Amino acid sequence: KILNILPFDSTRKRMSVIFRHPISNEITLYCKGADTSMIPYLVPAEDDSEQKFIVNKTQHHLGSYAREGLRVLVMAKRTLTQQEYNEWNRKHQEVELCCDNVEKKIRESFSSIECKMTLLGATGETFKE
């Protein structure tokens, strides 16, 4: 079940979907976006960890893709506890009802949940207008 769609915008340079798995009830955020807007939001990896190796290797591939003129996208995910989701969703609904600087506050709300993500992969594709 889709719980939230956090649409792409040119400031964040990413978009996300939050959904609940129908059997396990696990709440997961999946996010895709430009490498520069995704890498800083990944879970910090220990220096000698497999995750650090994967992130470094992916960044190497992203550099190669960019030099070839390909458009690059990074995908990541985050599993949320029910409590994390409920707290974020409550605050986000308050932000949506706010009157002042609503667009900025919505972007900040999105960024607050689009963090501590685990890298899933990256793509390089030809850019078509």
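The values are calculated or read from the model by the stated rules, or taken from the named source; none is laboratory data. Predicted model, so just to flag it, every value in this text is computed and none were measured. Cβ atoms come from the backbone with ideal geometry, glycine included; neighbour counts cover every protein chain shown. Please note that ligands, DNA and RNA were not included when accessible areas were found on the heavy atoms of the full protein model with its side chains. Shrake-Rupley method; radii C 1.70, N 1.55, O 1.52, S 1.80 Å.
Values as computed for the structure displayed
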| quantity | calculated |
| --- | --- |
| 1.4 Å probe accessible area per residue over the chain, in Å² | 65 |
| Qualifying trypsin sites (Lys or Arg not before Pro) in the range 20-128, DSSP loop, other Cβ atoms within 10 Å at most 12 | K128 |
| Rounded to 10°, Cα long-axis angle of helix 50-67 versus longest principal axis of the chain | 70 |
| Residues of type lysines that K57 reaches as a straight line, Cα spacing below 26 Å, ignoring anything fewer than 8 places off in the same chain | K13, K32, K77, K116 |
| Model label zone, K104; criterion: amide N under 20 Å from point 7 Å along Cα-to-beta-carbon; scope the range 1-34 | 9-14 |
| Rough spin-label spacing in nm, given labels placed 7 Å along Cα→Cβ, for I54 and T28 | 1.3 |
| Relative contact order computed over the range 1-44 (Cα-Cα under 8 Å; 6+ residues apart), in percent | 31 |
| Heavy-atom accessible surface of the chain: percent carbon and sulfur, 1.4 Å | 53 |
| For the range 64-86 versus the range 96-126, the gap between their alpha-carbon centres in whole angstrom | 11 |
| Between helix 102-113 and the chain: long-axis angle, C-alpha atoms, 0 to 90°, nearest 10 | 70 |
| Given [x] -0.36, -1.03, -1.23; [y] -0.50, -0.94, -1.16; [z] -0.27, -0.93, -1.30, the label whose value is log10 I(q)/I(0) by the Debye sum over Cα atoms at q = 0.10, 0.18, 0.21 Å⁻¹ derived from this model | [x] |
| Value at 222 nm in deg cm²/dmol, rounded to 500, when DSSP H runs of n ≥ 4 in the chain each add -39,500 (n - 2.57) | -12000 deg cm²/dmol |
| Degrees separating the helix 82-97 axis from the principal Cα axis of the chain, which is the longest one | 70 |
